[in-house]
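Undergrad: Pasting a structure below so you can have a look.
No lab work stands behind these numbers, since they all come straight from the coordinates. Here the structure is a predicted model, which is why all the values come from computation and not from measurement. Cβ placement follows ideal geometry from the backbone for every residue including glycine, while neighbour counts extend to all protein chains displayed.
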Amino acid sequence: MHNINLVFFVCLLFMSKLKGEVENPTSDTNCPYSSEFQCSVPQSDKHDVFVSFRGLDIREGFLSHLVEALSRKEIVFFVDNKLRKGDEIAQSLFEAIETSSISLVIFSQNYASSKWCLDELVKIVECREKDGQILLPVFYKVDPTVVRHQKGTYANAFAEHEQKYNLNKVKQWRSSLKKSADISGFHSSQFLYDAELVEEIVKSVLKRLDHVRVVNSKGVIGIEKQISYVESLLQVESQDVRAIGIWGMSGIGKTIIVEGVYKRLCSEYDGCYFKANISEEWGGHENMYLKKDIFSTLLGEHNLKFDAQYGLPYFVERRLRRMKVLVVLDDVKDPQQLEILIGTLDWFGTGSRIIVTTKDKQVVAKMVVDNDIYEVKALDFDDSFRPISISQCLNITQRMEMAHEGSNISNSILLNIWNWLWQTLIDFIYVCAVQFFMMLVIFSVIYFCVGIFITVVKNVFYVLEEVLSWMQSFCK
């Protein structure tokens, strides 16, 4: 009996370990960089910055200065410093791109001659468009027009690519180069020394990381469509100053949407500001604190001082009108809050964008025209489940949370109910599986023991029969 209990205990331990491995898969946290460059490895596998570069051009000089500066600021970066062989890019590089908040692409003279660099760039642009990843281009000793239109050394490189690779792939590379070069970035020609360029890059990276709010729009099923629609309302290509309003009932997903838009677009502005739940902090002295916080952040001055409740000091307004900024104010309840905090659109420079969320459409009616006011509506329940695939069901509880996040937008209580139901079901299935396994072991042991017992009994009767036969023969 003790042996059977031991078997049960081992089985339970095995099942618990198996469950733990499914729920908490281990990840490889080894530093992917060579010993030449040091990096700090976080407990998670997420990186702050992925650096895409052509080693032939910058590995020995500019890159070494850059990674040293990133290390000093405790920025977790990914630099692939291995010499590559073969045609296919390593899957680990794609994963590093996907798990990074910022992709820093250093365009140099021979960047386009590398198939691997171009494949990295395609993935980076894809992550920017789908997930809102920040892309920071650096044009190192190469003009943006050369990158944008593939001139000079880039033209020579593509002449060779067209002879070796599929034309659709080449077209994809060209498109990614153009999209990247259209983004405002850093030009080495504007700096006297590389050290100055590196310093500005690191400052920009730190600023972007400060603004990155961890929002994974892929994890919120169905929200991507709404983020894209709001982005289209902003008309980011236009040089005028625009404001849009987003309204809807509490808990419907307004904050999630503007966080996604903010993360996607912030890197394209000179200054960015995001404030959630304005109304919770509104009242008394907090009003002026919020106003100072907005403009201190936009101008990059932490000790900005002014006392005007309405309007702005001339020195602030003058600087602000030369800046392209993105301001997001979440959960505004009163038009007066907007009047105090951001005044009029004339305060901001060309290309600036203001996003305001509210539960009441009338709050933004004065500042925003009707065509630029978007009502967030509940998602269709079936649509929220459509993107789920078998490959996404490795952790059913987590995936159900993701799927029901879309439904949660229309009713925040619903997600908790579904979480409880599914967790209860999973626990029930797990307990049943364990008990079934235990019963299987029990029956196996019983079957084995009964088999042995029957064999022994048969042998005993056989021996007795032989003894009786012998005794009968002896008596005769």
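Undergrad: Using amide H atoms built 1.01 Å from N in the peptide plane, name the residues 5+ places from residue 135, or on other chains, whose amide H lies under 5 Å from its own.
TA: 103
Undergrad: Which value in nm describes the separation of the simple spin-label points at residue 418 and residue 470, placed 7 Å from the Cα toward the beta carbon?
TA: For residue 418 paired with residue 470, the spin-label model returns 7.8 nm.
Undergrad: I'd like the distance between the alpha-carbon centres of segment 320-361 and segment 161-181, rounded to an integer number of Å.
TA: That distance is 40 Å.
Undergrad: Residue 243's amide H: which non-local residues (gap 5+, or another chain) put their own amide H closer than 5 Å, with H modeled 1.01 Å from N in plane and none for Pro or chain starts?
TA: Here 354 satisfy the definition.
Undergrad: Then there is this: At 0.36 nm per residue, and after removing the present C-alpha to C-alpha distance, how many nm does the segment from residue 302 to residue 46 gain when stretched out fully?
TA: That works out to 89.3 nm of additional length.
Undergrad: Let me ask another. Over segment 47-209, what is the relative contact order in whole percent, taking alpha-carbon pairs under 8 Å and six or more residues apart?
TA: 26
Undergrad: Report, by chain and number, residues whose modeled amide H sits under 5 Å from the one on residue 141, excluding near sequence neighbours (fewer than 5 apart, same chain).
TA: Residues meeting the amide H criterion: 188, 189.
Undergrad: Which order, highest average first, do 461-471, 49-59, 70-80, 155-165 follow once you tally other Cβ atoms within 10 Å for each residue and take the mean per peptide?
TA: 49-59, 70-80, 155-165, 461-471
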